[in-house]
Amino acid sequence: MISTCVRDAQGVILVYDVGSRQSFDGIQFWLDFAQSYAPKDTVKMLVGNKIDLESERVVTVAEGEVKLCASAVAAESALG
């Protein structure tokens, strides 16, 4: 059922809580899901939420950038 929601998507926005490692780690499932079911040219955006709570931050900006870049490289490799 959920796969039909992204089947024709032009974009996917994935949001995680920068104060929760579990939230950030769970994003990989959804990146993989979008990679599997959305069109190959679908734009993927990763958004860190609750950035105003800097004292509670456990996920760095760099970690978010690396995760999205790694996903893009994997997608390019899969396309051949």
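Values in this text are rule-based calculations from the coordinates and carry no lab data. All of these numbers come straight from a predicted model, not from anything done at the bench. Positions of Cβ are backbone-derived with ideal geometry, glycine not excepted, and every protein chain shown enters the neighbour counts.
Which whole-Hz ³J(HN,Hα) couplings does the range 30-43 yield from phi under the Karplus relation 6.51 cos²θ - 1.76 cosθ + 1.60, θ = phi - 60°, glycine and proline marked x?
So the Karplus estimates, Gly and Pro as x, are 6, 4, 5, 4, 4, 4, 7, 10, 7, x, 4, 8, 5, 6 Hz.
Give me the one-decimal nm value for the distance between modelled label points at Glu63 and Ile13, 7 Å along each residue's Cα-to-Cβ direction.
Each label point is offset 7 Å from its Cα along the Cβ direction, giving 2.3 nm.
List the residues, sorted by chain then number, that are 5 or more residues from Val58 or on another chain and whose placed amide H is less than 5 Å from its amide H.
Placed amide hydrogens put Gly19, Ser20 under 5 Å from Val58.
Taking amide H atoms as placed 1.01 Å from N in the peptide plane, list the residues 5 or more away in sequence, or in a different chain, whose amide H sits under 5 Å from that of Val12.
Under 5 Å from the amide H of Val12 lie the amide H atoms of Val43, Lys44, Met45, each far enough along the sequence or on another chain.
Pull up all non-local amide H partners of Asn49: gap of 5 or more, or a different chain, and H-to-H distance under 5 Å with H placed in the peptide plane.
Here Tyr16, Asp17, Val18 satisfy the definition.
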